[in-house]
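See below for the structure under consideration.
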Amino acid sequence: MPDKLPVGPYRTIEIDDGVQAPFYIIPFDEQGICQGPLTRDHLLTTLQNGAFTDIFLFSHGWNNDWKIATDLYDGFLSGYAQMQREHGLTYSRPFRPLLIGIFWPSIALVSPSESGPAIAAFSGDSTQLMDVEVGQERQEIQSLAANLAKEDVERFYALAQRGQDLNSDEAMELARMLSPIYNSTAEDELPTVDSAPSTEQLMSLWQKIASMASTKPSTGTPGKFGFVNEPGRTPGVGGLTTQSTSAPEAAGILDFLDPRLIIRLATVLQMKDRAGVVGAHGVGSLLFDVLKNGTTRVHLIGHSYGCKVVLSALCFQELPRPVHSVLLLQPAISYLCFAVDATGTGLKGGYRVALDRVEQSIMTTYSPRDVPLTQFFHLAVRRSSDLGEEQIAGAPPPSRYAALGGFGPGGCETDCSEVEMKKIGDLYDLGPGVRIIHVLNGVHAISGHGDISNDFTWWALYNQVTS
C-alpha cells in the first residue's frame, strides 16, 4: 500500500489469467483542479506508449473518503475479474485494460450506520467513533460556511451547534444564510427555468422532510444520503430519526427543527454542485486528453453522484471522439437529464448530448428499493419555486427532480429500452439498431443505494466491454 500518491499507478490488479492492469487514482480538489498532476502526466504517457485496448474510468459518489473510494474501486474491479475467472468468460479480441479511479472531495456528514469501512473500523471504541463523528461535523459545517456572507458566519456557527430546538425564527435565519447554495448556477442536468425558493418555501420544505423522516419506518437500507438508519442503531450526527413522532409532527407541522437536518440538506446540494464542477472542469479535461490518445475503447462508470461526475465530463465540451460505453449505477441525478423536452418549453435535459458521444450504449440502473433516491432525493435537491407540487414517493416519479436511480429515465422513451437486470450468462441485446439507453430495472438485483458491486452489475459491464 503506497504511503503517498505515487507518480505512476496506485497499484496493479489482476484482471484475467495473469493479465496485470495498471490502476491509477487521479485526485481533484473541489474546483476540479488535479491534485496529482505528475500522476496524470504519467498516465497519459503510459497510454501513448502502451498497447491498451480498454480504459475504464470510474467515479465514486458522495460521502467517500480515500479508503472508502479505493475499497469501492478494488471491490468492483476485483469482483469483475473474479466473475470472469469463475465463469470462464473470455473476449473475442485482445484485451489489455488500464484502470482509472477518480477521487474527489465528497466526504460529508455521516452517521455510524451509514458509514463505510474506514469508520466502521472504529466500532469497538465508542470514544474514537465519537471523535470521527465530531471531526466530520466540523469539516462539513466549515465547508458550508465558506459559501456564506462574511457577516453571517459567526451566527451560522452558533445555530449549527444547537440541539434539536431551532424555532421558526432561527430556522428562517438559516434559510436566509444558506440561500447562496440554493441560488447556485453550477452546471446542472436540468435547464434552469425557475427562481430559487424563498426562505419561506425553504422552511416549508425542511418541515416536510423532517416530518417524513421522523415517521418513515426503518428498512435497514444504508442511508447514503443520510435519510435512513439501520434498525436498532441510534442516529448519529446528521442522521434523521426513524421513530414515530407525535400527531402534530406526523401531520407535517413542526414547531422546532434540528439544525443538523438543515445542514445535511444544504450539503446534498453542495455536493451535487461539486460533482458537476469536478466532472466538467477536472475530469472533462482528463477525458479529453485520454480520448485524443489513439483509438483505445473508453468505458465510463459512475455511482450515485459519480454519475454526475462522468456525465459532466462527457457533456461539458466537444471531445476528440466518442467513448465506447457508459454505465450509471444508481445515479443521483434528475430522471429527466436525457429528456428531449425536460421543461415543457422545448429545453433538452442537460445530458441529452451524451447520446451522441457514446458509440455503443448507456446503461443506467434504477431500483425501487433504493430508499434515498425514491423517497427523499427529489425533495433535497429542489431549487425551484414549485414546492407545492411534490408527492410522497412512489410511481410515477414524484416531481421533475426525481432521481434517475430511483425511477429510471423520463422524457426520452424513444431512446430507451428497459429490461430487468440479467443474470450471468443471459446476454443483453446490444446489437445494431438497439436503442442507445438501456434501462436496467434492479428491483431484484439492487437492494439499496450502495448495493452496486455484484454479479448483476459486473455482468452488465462485461456485456458492454464485449459488444
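None of the figures in this text is laboratory data; all of them are computed from the coordinates on show. Predicted model, so just to flag it, every value in this text is computed and none were measured. Reconstructed Cβ throughout: ideal geometry from the backbone, glycine too, with neighbour counts over all protein chains shown.
For segment 1-88, a/c is not less than 1.5, where a ≥ b ≥ c are the root eigenvalues of the C-alpha gyration tensor, and a/b does not top b/c. That puts it in the oblate class.
When 95, 76, 377 are sorted by how many other C-beta atoms sit within 10 angstrom of their C-beta, beginning with the fewest, the order is 95, 76, 377. Ordered by the count of other Cβ atoms within 10 Å of each Cβ, fewest first, 361, 312, 447 give 447, 361, 312. For residue 208, a cut-off of 26 angstrom between C-alpha atoms picks up these lysines, skipping any fewer than 8 places away in its own chain: 216, 224, 272. Residues 366, 80 in ascending order of nearby Cβ atoms (within 10 Å, fewest first): 80, 366.
Take the Cα of residue 321, step 7 Å toward its Cβ, do the same at residue 86, and the gap between the two points is 3.5 nm.
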